[in-house]
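Take a look at the structure set out below.
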Amino acid sequence: MIATGQLEELLENILSRYGYDFTGYSRASLKRRIDGFYVKGRFTSFADMQRRLMDSTAYFMYFVEEVTVNVTEMFRDPAFYQTLREKILPVLATYPFIRIWHAGCSTGEEVYSMAILLKEANLLHKSILYATDLNQAVIEKAKTGIYPINTMQQNSVNYIRSGGKEDFSGYYHANYNLAKFDEGLAEKMIFSTHNLVSDSSFNLFQLILCRNVLIYFERDLQKRVLELFDQSLDSLGFLAMGSKESLRFSSIASHYQQIENKEKIWRKSR
Ligand SMILES: C[S@@+](CC[C@H](N)C(=O)[O-])C[C@H]1O[C@@H](n2cnc3c(N)ncnc32)[C@H](O)[C@@H]1O
């Protein structure tokens, strides 16, 4: 296992060699992931692991894949999506166009869920969904729109719980053990890598979703990322976070109002 001092040394070396800054990540979970990486890689020592990481960009990218938590599913927390359907989309419907940013989109299930909601609300044609993640591998996967067929049953259950009324299997084509979502859903999606720690704002959005990402960051980094979202959100725009996340402690809190006590969705004031 890696000692605390070694972990800090590794994070500093990664930052200076590759520009990826993990120093603001929550230590407990980051250390667990890096310990797991160390064991899986069968390194003989910490120095051995560090050497491998510093010597090869490809190997470092594999490290990024392994240490970030990419767990996701479609219509995750169905009640959240029901609130989007019933409370947020009717407001967005009044706008001439809708720009949405999925920050930390992982393998894209969240983005396909949103495209389905927008299609059912007849809003997809005037929407653009920007979907970003720091991990290049998950972005490549998201671009394919292909998922294991055995996840579709749970996706379908979540879809119905979120208020979906259509036949969920109508949104994808099954081929052996894979399901590919209709290309029409992906037409308005733009996938790209973007690091919330170091990259800047790139557009102005009416809705930003950053769910189950800030939970891995320490408070100071959470505050900085929330400021980035504030700069990227149109006035009266919506910011949606994960069930265990909040903006209450941050400097932007005073000009945001939570739209429903239960769901983590805030609206920016004018
Ligand atoms: C647990 S997943 C959440 C996926 C999805 N938003 C959801 O709620 O199901 C967290 C994602 O955040 C991404 N992530 C972690 N650090 C990031 C950073 N600095 N910038 C952008 N994305 C990051 C990870 O690569 C991972 O795909």
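The values are calculated or read from the model by the stated rules, or taken from the named source; none is laboratory data. Given the structure is predicted, the values throughout are model-derived calculations rather than measurements. Neighbour counts run over all protein chains shown; Cβ positions are idealised from the backbone, glycine included. The protein model used for the area step is the full one, side chains on, heavy atoms only, and it has no ligands, DNA or RNA in it. Shrake-Rupley method; radii C 1.70, N 1.55, O 1.52, S 1.80 Å.
Listing for the model above:
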read-out: Residue within the range 184-205 that is basic (K, R) and in contact with a helix residue (DSSP H, G or I) (Cβ under 7 Å, 6 or more places away or on another chain) present; value: yes
read-out: Matching residues in the range 158-188 - criterion: being open to solvent by 20 Å² or more (accessible area, probe 1.4 Å) and within 16 Å of the ligand (Cβ to nearest atom); value: R161
read-out: The range 33-57, subset surrounded by 12 or more Cβ atoms within 10 Å (Cβ to Cβ) and among the charged types (D, E, K, R), residue farthest from V225 (Cα to Cα); value: D48
read-out: Scan of the range 106-123 for residues that are open to solvent by 20 Å² or more (accessible area, probe 1.4 Å) and either more than 15 Å from the chain's Cα centre (by Cα) or not assigned by TED's automatic domain parsing to the domain that holds A137 (or both), ordered by number; value: K119, E120, A121, N122
read-out: Positions within the range 1-17 being within 14 Å of the ligand (Cβ to nearest atom) and either open to solvent by less than 40 Å² (accessible area, probe 1.4 Å) or touching a strand residue (DSSP E or B) at 6+ places or on another chain (Cβ under 8 Å) (or both), in sequence order; value: L11, I14
read-out: Residue count, the range 235-262 (criterion: aromatic (F, W, Y) and under 25 Å from P90 (Cβ atoms)); value: 2
